[in-house]
């Protein structure tokens with residue numbers, strides 16, 4: 001039984017404003033299985049761009065009472081206007097909710113909001129994006145709590161990603177629950193994490209070794225012969241419109 | 001080739017705050033930086049000034065500092081763009097017909113901006129796409145073989161497979177006549193054929209081969225023994 005969020009369950013009547021989620025692979029999986037339970041202190045959610053990883057994390061976050069824009073859990077946020085409320089419900093564990101929701105795409109705007117006002121915080125805008133993520137993980141991710149992270153690897157070097165791996169492992173060992181959405185093979189290798197990989201065709205593979213993830217295999221295969229793979233990708237993309 | 005050389009006009013000590021201590025600024029004080037290849041890839045640890053440099057080059061080429069084209073005009077509130085561009089001299093062989101500054105970290109704002117500008121070359125639909133799709137939509141619609149393109153960590157939010165596709169896309173643009181200057185941490189993007197790799201470290205700036213770049217060596221070591229690496233990282237941890 002996980003201490004902060006035990007599972008996320010599909011709701012029967014999805015609101016009109018959230019009807020689009022029915023086409024999103026991760027939500028198709030949720031509807032089919034009715035419920036996805038968290039089995040390890042660290043859950044790593046991965047899959048190709050567009051499978052709905054970030055949206056699923058957002059649904060978990062607003063259910064746990066985090067502000068849609070991300071940031072620390074204040075207990076004040078009422079997500080009544082977020083359409084994802086009608087899609088899924090997260091069941092809470094025994095521990096009183098606290099923690100942090102680190103968003104990727106809007107992180108920049110959260111940093112703008114802090115300015116010089118936040119007590120004890122250096123102004124995040126004077127740092128590079130990667131540095132500010134490191135700063136938040138090292139300073140706002142403290143002790144027990146639910147920590148939700150959407151692609152924290154953005155803007156971080158491999159070495160910094162390794163430092164994040166160590167920080168998250170330490171947090172989980174101290175009783176925190178962590179749910180992380182990532183493309184980073186490094187973060188998938190956090191010891192003891194349970195991996196969920198969503199496919200574009202609406203399947204979920206969970207609980208397997210990170211060596212089997214698409215991301216890890218792609219990186220490993222690339223390093224078998226980077227030059228040849230680079231030339232191959234040039235050919236593949238010659239006439240390709242990458243939007244589709 | 002459009003931008004061929006950049007040099008520092010002012011003494012580092014006259015630059016404000018943190019700029020004066022950046023490795024890239026100290027390097028430019030010693031000698032100009034020349035761009036010889038159609039793709040220049042700038043790499044290095046967080047905090048060495050990669051993004052500061054490409055942002056200054058983009059602004060020097062009159063691009064919107066938060067990303068976009070020469071005509072894009074938006075920013076985040078209280079926008080903090082470093083003043084480095086004011087101290088740089090850019091040598092141009094010719095002016096590009098098209099130019100675009102792609103910033104991975106402000107992609108969301110770029111999408112919002114174009115969404116408000118309905119009719120702006122079909123760019124208003126970016127928010128309806130996944131992040132990966134929107135990155136490729138911008139490149140397909142705004143990048144071409146005659147232009148000058150600056151990218152700051154475009155790998156942000158892209159899967160490994162999408163990064164491989166981006167490699168192919170950018171490689172073809174450069175082979176077709178475009179000039180690309182990109183800051184990245186991605187070992188995949190460092191492998192773009194024909195790219196010149198500049199690695200910035202605390203001790204300076206060096207041209208390196210793909211295999212010698214720190215990002216490549218770190219990723220190679222991890223891939224060779226991921227479990228051993230993770231065990232080492234979690235055992236060595238020293239928390240107060």
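The values are calculated or read from the model by the stated rules, or taken from the named source; none is laboratory data. Since the structure is predicted, the reported quantities are computational estimates derived from the model, not experimental observations. Positions of Cβ are generated from backbone atoms using ideal geometry, with glycine treated the same way; all protein chains shown enter the neighbour counts.
Any residue in region A:16-39 that is assigned to a strand (DSSP E or B), in contact with a helix residue (DSSP H, G or I) (Cβ under 9 Å, 6 or more places away or on another chain) and surrounded by fewer than 17 Cβ atoms within 10 Å (Cβ to Cβ)? Working first, answer last.
So in region A:16-39, the residues assigned to a strand (DSSP E or B) come out as A:35-37.
From what's left, in contact with a helix residue (DSSP H, G or I) (Cβ under 9 Å, 6 or more places away or on another chain): A:36.
In the following step, the residues that additionally are surrounded by fewer than 17 Cβ atoms within 10 Å (Cβ to Cβ) were identified as none.
Taking every residue of region A:16-39 in turn, none turns out to be assigned to a strand (DSSP E or B), in contact with a helix residue (DSSP H, G or I) (Cβ under 9 Å, 6 or more places away or on another chain) and surrounded by fewer than 17 Cβ atoms within 10 Å (Cβ to Cβ).
Take residue B:213 and tell me if it is at pLDDT 95 or above, touching a helix residue (DSSP H, G or I) at 6+ places or on another chain (Cβ under 9 Å), within 16 Å of residue A:160 (Cα to Cα) and more than 10 Å from chain A (Cβ to nearest Cβ).
So residue B:213 fits the description; yes.
Given the condition within 14 Å of chain B (Cβ to nearest Cβ), farther than 23 Å from residue A:22 by Cβ, at pLDDT below 75 and over 21 Å from the mean Cα position of the chain (by Cα), answer yes or no: does some residue in region A:102-112 qualify? Lay out the reasoning, then the answer.
In the first step, residues of region A:102-112 are kept if they are within 14 Å of chain B (Cβ to nearest Cβ); the result is A:102-112.
Applying the additional criterion that residues be farther than 23 Å from residue A:22 by Cβ yields A:102-104, A:106-112.
In the following step, the residues that additionally are at pLDDT below 75 were identified as A:104, A:106-112.
Still in the list and also over 21 Å from the mean Cα position of the chain (by Cα): A:112.
Looking through region A:102-112, at least one residue is within 14 Å of chain B (Cβ to nearest Cβ), farther than 23 Å from residue A:22 by Cβ, at pLDDT below 75 and over 21 Å from the mean Cα position of the chain (by Cα).
If you scan region B:187-207, which residues turn out to be at the interface with chain A (Cβ under 10 Å from one of its Cβ atoms), closer than 22 Å to residue B:63 by Cβ and surrounded by fewer than 24 Cβ atoms within 10 Å (Cβ to Cβ)?
B:195
Pairs, please: C-beta under 9 Å, at least 6 apart or cross-chain, first residue within 19 Å of residue A:34 (Cα to Cα) and in region A:71-96, second assigned to a loop (DSSP other than H, G, I, E, B) and modelled with pLDDT under 85?
A:84/A:68; A:85/A:79; A:93/A:1
For residue A:160, all conditions in the list (1) surrounded by fewer than 20 Cβ atoms within 10 Å (Cβ to Cβ); (2) modelled with pLDDT of 90 or more hold save one; what is the number of the exception?
Answer for residue A:160: the failing condition is (1).
Of everything in region A:135-158, what is over 16 Å from residue B:155 (Cα atoms) and either facing chain B (nearest Cβ under 7 Å) or free of Cβ contacts under 8 Å to residues at least 12 places away in the same chain (or both)? Give them in sequence order.
So in region A:135-158, the residues over 16 Å from residue B:155 (Cα atoms) come out as A:135-149.
Across region A:135-158, the qualifying residue is only A:142.
Which condition does residue B:185 not pass, out of (1) under 28 Å from residue A:197 (Cα atoms); (2) over 15 Å from the mean Cα position of the chain (by Cα); (3) part of a loop (DSSP other than H, G, I, E, B), if it passes all the others?
(2)
Hey, any hits in region B:97-115 for a residue that's touching a strand residue (DSSP E or B) at 6+ places or on another chain (Cβ under 6 Å), over 16 Å from residue B:183 (Cα atoms) and at pLDDT 90 or above?
yes
Need the failing condition index for residue A:176 against (1) under 30 Å from residue A:23 (Cβ atoms); (2) at pLDDT 95 or above; (3) crowded, with 17+ Cβ neighbours inside 10 Å, just the number.
Unmet condition: (1).
Test residue A:125 against the criterion of being in a loop (DSSP other than H, G, I, E, B), facing another protein chain (nearest Cβ under 8 Å) and either surrounded by 16 or more Cβ atoms within 10 Å (Cβ to Cβ) or at pLDDT 95 or above (or both), and give yes or no.
Details: in a loop (DSSP other than H, G, I, E, B): no; facing another protein chain (nearest Cβ under 8 Å): yes; either surrounded by 16 or more Cβ atoms within 10 Å (Cβ to Cβ) or at pLDDT 95 or above (or both): yes.
Against the criterion (in a loop (DSSP other than H, G, I, E, B), facing another protein chain (nearest Cβ under 8 Å) and either surrounded by 16 or more Cβ atoms within 10 Å (Cβ to Cβ) or at pLDDT 95 or above (or both)), residue A:125 does not qualify.
Could you list, in sequence order, all residues of region B:24-51 that are farther than 27 Å from residue B:193 by Cβ and at pLDDT below 90?
B:47
Return a yes/no flag: does region B:17-28 have any residue that is surrounded by fewer than 22 Cβ atoms within 10 Å (Cβ to Cβ), more than 18 Å from residue A:157 (Cα to Cα), within 12 Å of chain A (Cβ to nearest Cβ) and free of Cβ contacts under 8 Å to residues at least 60 places away in the same chain.
yes
Take region B:136-164 and flag every residue that is without any contact (Cβ under 8 Å) to a residue 40 or more places away in the chain, at the interface with chain A (Cβ under 8 Å from one of its Cβ atoms) and touching a strand residue (DSSP E or B) at 6+ places or on another chain (Cβ under 9 Å).
Correct list: B:139, B:159.
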